[in-house]
Amino acid sequence: MPQLSVVVPVFNERDNIPPLLAEIAAALRGKVAFEIVYVDDDSSDDSRAVLNAQKASYPELRVLHHVSRSGQSTAVWNGVRAARAPWIATLDGDGQNDPADIPKLLAARDAADAETKLFAGWRTTRRDSFNKRISSKVANAVRSRMLRDNTPDTGCGLKLFERDVFLRLPYFDHMHRYLPALVKRAGFRSQSVPVGHRPRTAGTSKYGMLDRLWVGVADLRGVAWLMRRAKVTRVEEI
């Protein structure tokens, strides 16, 4: 059984699939027993066919397919549910996260206390467009002030977390952007780990600045309400 499941959501990323798979395998083979769970969010290109063809080269690869487009959070959620390992690493399918940073997250986990259940990548140097960097900076500042999650970068797709804790969190669309706050609400801690970030070399971004802004406002209000209503009580057996 694998000790780590790498979950990768994709939508129309056919050209990024082969190089990213090669990098994941190079980063993890010989270091940890792992599987790779790709979740194709009903791509309109041939991403699904490309993934199926890669199975011959990567026995660790499993491919899930959404029968209708459902978004990144649902892809991550279904990937985690299907995963067989107790710990999950997530990566964006566009190749901007470096799989070579996964061992760094594993090392941070091994050095942390048992109450830290999320290790979130922190892109200290962004390789995105100016508009995308500005929108992320504003969103992170507002989110941090409202939720007090002590996390400088929740938008990074590179994360490591315990599967059982993730599946206990309230599920909603776009929840992947609020994992540190949701983990805190559940009574656990998260840790930010500096990681690399790379420019996109193929395909196009699926989200614009206005998409993130208007969806983020509604989600932020909802998560703030969840945080206010949270109550965690430690239980001891006598």
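The values are calculated or read from the model by the stated rules, or taken from the named source; none is laboratory data. Being a predicted model, the structure only gives us computed values, none of them experimental. We place every Cβ from the backbone using ideal geometry, glycine too, and count neighbours over all the protein chains shown.
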inquiry  = Looking at the structure I just gave you, is V32 closer than 20 Å to G155 by Cα and at pLDDT 95 or above?
reply    = no
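Each row is one residue, and each column tells you yes or no for (1) closer than 24 Å to S190 by Cβ; (2) hydrophobic (A, V, I, L, M, F, W, C); (3) in a helix (DSSP H, G or I).
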| residue | (1), (2), (3) |
| --- | --- |
| R14 | no, no, no |
| L20 | no, yes, yes |
| V39 | yes, yes, no |
| S44 | no, no, no |
| Y58 | no, no, no |
| V80 | yes, yes, yes |
| G93 | yes, no, no |
| D101 | yes, no, yes |
ask   = Can you name every residue in the range 82-101 that is surrounded by 15 or more Cβ atoms within 10 Å (Cβ to Cβ), at pLDDT 95 or above, over 11 Å from the mean Cα position of the chain (by Cα) and not aliphatic (A, V, I, L, M)?
value = W87, D98, P99, D101
message = Taking the conditions exactly as written (at pLDDT 90 or above, among the aliphatic types (A, V, I, L, M), in contact with a strand residue (DSSP E or B) (Cβ under 7 Å, 6 or more places away or on another chain) and in a strand (DSSP E or B)), does A108 satisfy them or not?
response = no
key: Matching residues, the range 34-48, being among the hydrophobic types (A, V, I, L, M, F, W, C) and within 13 Å of E13 (Cβ to Cβ)   = V39
ask   = Across the range 144-155, what is the number of residues that are in contact with a Phe, Trp or Tyr (Cβ under 9 Å, 6 or more places away or on another chain) and either at pLDDT 90 or above or under 24 Å from K231 (Cβ atoms) (or both)?
value = 4
inquiry  = List the residue pairs whose Cβ atoms are under 8 Å apart, where the first residue sits in the range 50-61 and is in contact (Cβ under 8 Å) with a residue 12 or more places away in the chain, the second is in a loop (DSSP other than H, G, I, E, B), and the two are 6 or more positions apart or on different chains.
reply    = V50/R14; E60/P2; L61/K55
message = I want to confirm something. Restricting to the range 186-238 and keeping residues that are under 23 Å from E13 (Cα atoms), out of contact with any Cys (no Cβ under 8 Å at 6 or more places or on another chain) and at pLDDT 85 or above, which single residue is surrounded by the fewest Cβ atoms within 10 Å (Cβ to Cβ)?
response = R198
inquiry  = Can you find, within the range 12-62, the residue that is farthest from D92 (Cα to Cα) among those that are among the β-branched types (V, I, T) and in contact with a Lys or Arg (Cβ under 6 Å, 6 or more places away or on another chain)?
reply    = V50
ask   = Which residue, of R69, R62, is closer than 27 Å to T154 by Cα, out of contact with any helix residue (DSSP H, G or I) (no Cβ under 6 Å at 6 or more places or on another chain), among the basic types (K, R) and in a loop (DSSP other than H, G, I, E, B)?
value = R69
request  = Collect the residues in the range 151-168 that are without any contact (Cβ under 8 Å) to a residue 60 or more places away in the chain and out of contact with any Lys or Arg (no Cβ under 8 Å at 6 or more places or on another chain), keeping them in residue-number order.
outcome  = T151, P152, R168
query = Do we find that G71 is surrounded by 18 or more Cβ atoms within 10 Å (Cβ to Cβ), small (G, A, S) and either within 25 Å of R189 (Cβ to Cβ) or modelled with pLDDT under 95 (or both) in this structure?
reply = no
